[in-house]
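Below: the structure, in structure tokens.
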Amino acid sequence: MTGHSLRWIAFFTLVLTILVTGYGFFGPLPRADAQALTPDQRAALQSQYDALQAEIAQWQKVLDDTKAQKSSLQGDVTALNAQIAKAQAEIKQRSLTIASLGDEINQKTQTIASLQDQLTQGQESLAKLIRQKNETETQSLVLLALSSQGLSDFLADVDDIDSINRSLGTLFDQLRSIQASTTAARDALNQQQNAQKDAEHDVEVKKAAITDDQTQKKQLLAVTTQNEQTYTQVLADRQAKAAAIRAALFQLRDAAAIQFGDALTYAQAAQKTTGVDPALVLAILTQESNLGANVGQCYLTNDQTGAGVGKNTGTAFAKVMSPTRDVPPFLALASKLGFDPHKQVVSCPIGGVGYGGAMGPAQFIASTWSGLATQIASARGISVADPWNPQDAIMAMSIFLGQLGAGGGSYTAEKTAAAKYYAGGNWATLGQTYATQVMAKVDDIQKNISFLTDNGL
């Protein structure tokens with residue numbers, strides 16, 4: 001076999017391997033079991049959806065009209081009735097969305113399965129052509145000429161080689177097209193599956209809100225309009241609850257505690273720049289604080305190695321900070337802010353795995369903070385951003401979460417951003433527990449924010 005033929009065979013074998021393993025990355029493709037919606041069914045769903053949209057707008061108008069009566073019993077009952085009716089209409093609307101998305105997912109799954117079948121056939125054709133090319137190229141042109149019965153047979157053999165080459169080129173183009181189509185279909189399917197998860201989560205949140213509103217309505221209806229003293233107590237209880245929410249403390253890492261009301265104000269200010277929901281920012285702030293409650297604090301002692309000691313114990317740690325990645329920006333930040341880099345607490349390495357060195361309430365390492373510092377300072381209107389300043393830390397969290405996709409505001413976008421915030425590139429495996437805990441906190445914090453907003457407190 002000639003060296004030229006060996007190179008061809010090696011090349012095409014490599015290409016075939018890449019194509020096979022590349023598509024294998026997607027894993028087993030799901031097959032559709034559900035019946036696809038007919039055009040009439042889709043039209044009926046759309047009609048119901050539009051009708052519910054009008055109903056939601058109607059109840060929103062009732063809510064807007066009763067805002068001026070919030071200090072009266074009748075105003076509260078009317079508003080709660082409107083909130084309950086609006087939420088019920090939104091649940092119905094979301095259920096229609098879920099049904100529609102289920103149909104689209106079904107169609108996309110069938111499309112991907114069809115493309116996968118085309119790819120399999122193309123791979124088989126490619127393997128066959130490679131075998132043919134191998135057979136035709138194992139002989140040199142001289143041997144072909146000697147073995148041919150005549151000039152016409154020899155030219156036909158040469159034409160066969162050229163034909164195979166052209167067929168390979170055509171097949172490669174077809175496989176590239178199928179690869180692009182499969183990737184696009186897979187991306188569209190993932191988006192629709194995420195949209196369905198978002199819709200299902202929204203339904204659950206609204207169901208919980210209806211339960212709370214109905215309970216509150218029953219309590220209000222128990223108060224008669226003649227008993228103004230009792231209703232005055234209802235208003236006083238609300239004000240007391242609002243005050244308790246605002247005064248609740250965030251026990252921050254490496255910084256003084258701040259009140260919920262202040263943290264909310266900072267996160268709402270950041271939202272104007274980033275579009276990230278304040279509830280998500282405060283949920284991660286809560287999660288970071290909880291994680292930090294039992295983690296020792298460390299000092300950097302050796303700029304060359306990144307080694308340090310525990311602040312309270314004096315225990316030596318070899319990996320307080322990465323000497324190449326984080327020590328230089330940490331020293332630069334110390335120079336700008338005027339603190340002693342060897343007397344400023346940073347996080348200790350956890351369990352002896354990896355480096356510590358995270359700074360302040362939001363727990364950014366120095367290299368990440370350095371990449372965000374200019375944007376943080378610009379958004380805050382300051383010259384140098386300080387990771388131990390709660391306002392700067394919350395702005396940094398909001399900016400970073402926005403870069404991770406949380407600005408979209410959907411449940412799946414926020415959960416994915418939380419996982420990436422914690423685990424970086426390993427978010428799909430190492431960040432899921434963290435993200436699930438964060439999203440549970442988001443729901444609780446959003447209830448508190450809604451209470452303050454709905455009651456104008």
Taking Ser383, is it touching a Lys or Arg at 6+ places or on another chain (Cβ under 9 Å), within 26 Å of Val276 (Cα to Cα) and assigned to a helix (DSSP H, G or I)? no
Among the candidates Ser383, Ser370, Ser378, single out the residue that is among the hydroxyl-bearing types (Ser, Thr, Tyr) and within 19 Å of Ser322 (Cβ to Cβ). Ser370
Please name all residue pairs, on different chains or six or more residues apart, with Cβ atoms under 8 Å, provided the first residue is in region 337-358 and is aliphatic (A, V, I, L, M) and the second residue is outside any loop (DSSP other than H, G, I, E, B) and surrounded by fewer than 19 Cβ atoms within 10 Å (Cβ to Cβ). Val345/Gln297; Val346/Gln297
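Considering only residues that are among the small types (Gly, Ala, Ser) and without any contact (Cβ under 8 Å) to a residue 24 or more places away in the chain, which ones fall in region 418-439?
Just the residues of region 418-439 that are among the small types (Gly, Ala, Ser), to begin with: 418-419, 423-425, 428, 431, 435.
The answer is Ala419, Ala423, Gly424, Gly425, Ala428, Gly431, Ala435.
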Which ranges mark the helices (runs of 4 or more DSSP H) fully within region 387-436 that have 3 or more residues being farther than 30 Å from Ser335 by Cβ? 411-423, 427-430
Only one of (1) assigned to a helix (DSSP H, G or I); (2) of a type in the set (A, V, I, L, M); (3) more than 26 Å from the chain's Cα centre (by Cα); (4) surrounded by 15 or more Cβ atoms within 10 Å (Cβ to Cβ) does not apply to Ile284, and that is (3)
Return only the number of the condition from (1) in contact (Cβ under 8 Å) with a residue 24 or more places away in the chain; (2) within 21 Å of Phe260 (Cα to Cα) that Lys415 does not satisfy. (2)
Among (1) part of a helix (DSSP H, G or I); (2) surrounded by 24 or more Cβ atoms within 10 Å (Cβ to Cβ); (3) among the aliphatic types (A, V, I, L, M), Val320 falls short only on (1)
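Out of Gly306, Gly357, which single residue is surrounded by 15 or more Cβ atoms within 10 Å (Cβ to Cβ), over 28 Å from the mean Cα position of the chain (by Cα), in a loop (DSSP other than H, G, I, E, B) and in the same structural domain as Ala423 (by TED's automatic domain parsing)?
One residue alone meets the criteria, Gly306.
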Considering every residue within region 344-363, establish whether at least one is modelled with pLDDT of 95 or more, over 22 Å from Thr286 (Cα atoms) and out of contact with any strand residue (DSSP E or B) (no Cβ under 9 Å at 6 or more places or on another chain). no
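Search region 237-281 for residues being of a type in the set (Asp, Glu) and closer than 27 Å to Val346 by Cβ, and hand back the single one that is surrounded by the fewest Cβ atoms within 10 Å (Cβ to Cβ). Walk me through how you get there before you give the answer.
Of region 237-281, the ones of a type in the set (Asp, Glu) are 237, 254, 262, 277.
Now restrict to residues that are closer than 27 Å to Val346 by Cβ: 254, 262.
On the way: Asp254: 19, Asp262: 16.
Filtering region 237-281 for residues that are of a type in the set (Asp, Glu) and closer than 27 Å to Val346 by Cβ, the one surrounded by the fewest Cβ atoms within 10 Å (Cβ to Cβ) comes out as Asp262.
The values are calculated or read from the model by the stated rules, or taken from the named source; none is laboratory data. This structure is a prediction, so every number in the text was calculated from the model and none was measured. Reconstructed Cβ throughout: ideal geometry from the backbone, glycine too, with neighbour counts over all protein chains shown.
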